[in-house]
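The values are calculated or read from the model by the stated rules, or taken from the named source; none is laboratory data. Every value quoted in this text rests on a predicted model; they were computed, and no experiment measured them. Backbone-built Cβ (ideal geometry, glycine too); neighbour counts: all protein chains shown.
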Amino acid sequence: METDAGAVGASLAATTPEGAVANGSLGNDELRQLLESLQDVRGGDFSVRLPHDWPALMGKVADCFNDIVAANQRMARQLENVGQVVGREGRIRNRVRLGLADGAWAEMENSVNTLIDDLLWPPGSYPHD
């Protein structure tokens, strides 16, 4: 991922000591909120979100953070659901659907679904072999 370090540095340099947001930069209060939210996510809390009203670059950071956390929340719910539906209820046609078709998200979805298939149909026993 490429970032414009100069723009970020200039943005942070424009922050007032009181934590006020100036010219779309992040103040101390916003930085604290970002850090606390990151720590919550690291701890497995995918319900946290950053405000949608942060200006300029920081608003984009907040939107991106919120999208990533929402994707993780969907993944956690899907894994819980497939564990219940396939594992406990025996509805073997259900699969994980993250709704994210790009990169590692799609790979994770495919990996879990392949694991389910492999557990249900060990090599040589798949009905279409």
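Taking every residue in segment 50-64 that is under 18 Å from residue 32 (Cβ atoms) and pairing it with any residue that is surrounded by 14 or more Cβ atoms within 10 Å (Cβ to Cβ) and among the β-branched types (Val, Ile, Thr), at least 6 positions away or on another chain, the pairs with Cβ-Cβ distances below 8 Å are 50/61; 54/21; 54/61; 55/21; 57/8; 58/21. Among the residues of segment 47-56, is any at pLDDT 95 or above, exposed (fewer than 13 other Cβ atoms within 10 Å of the Cβ) and within 21 Å of residue 108 (Cβ to Cβ)? Yes, segment 47-56 contains a residue that is at pLDDT 95 or above, exposed (fewer than 13 other Cβ atoms within 10 Å of the Cβ) and within 21 Å of residue 108 (Cβ to Cβ).
Can you spot a residue in segment 9-18 that is assigned to a helix (DSSP H, G or I), at pLDDT 90 or above and loosely packed, with under 14 Cβ neighbours inside 10 Å?
Looking through segment 9-18, none of the residues is assigned to a helix (DSSP H, G or I), at pLDDT 90 or above and loosely packed, with under 14 Cβ neighbours inside 10 Å.
Could you list all residues from segment 72-124 that are in contact (Cβ under 8 Å) with a residue 12 or more places away in the chain, assigned to a helix (DSSP H, G or I) and over 21 Å from residue 45 (Cα atoms)? Scanning segment 72-124 gives 86, 112, 113, 116, 120. Of the set (1) at pLDDT 90 or above; (2) in contact with a Phe, Trp or Tyr (Cβ under 9 Å, 6 or more places away or on another chain), all apply to residue 98 but (1).
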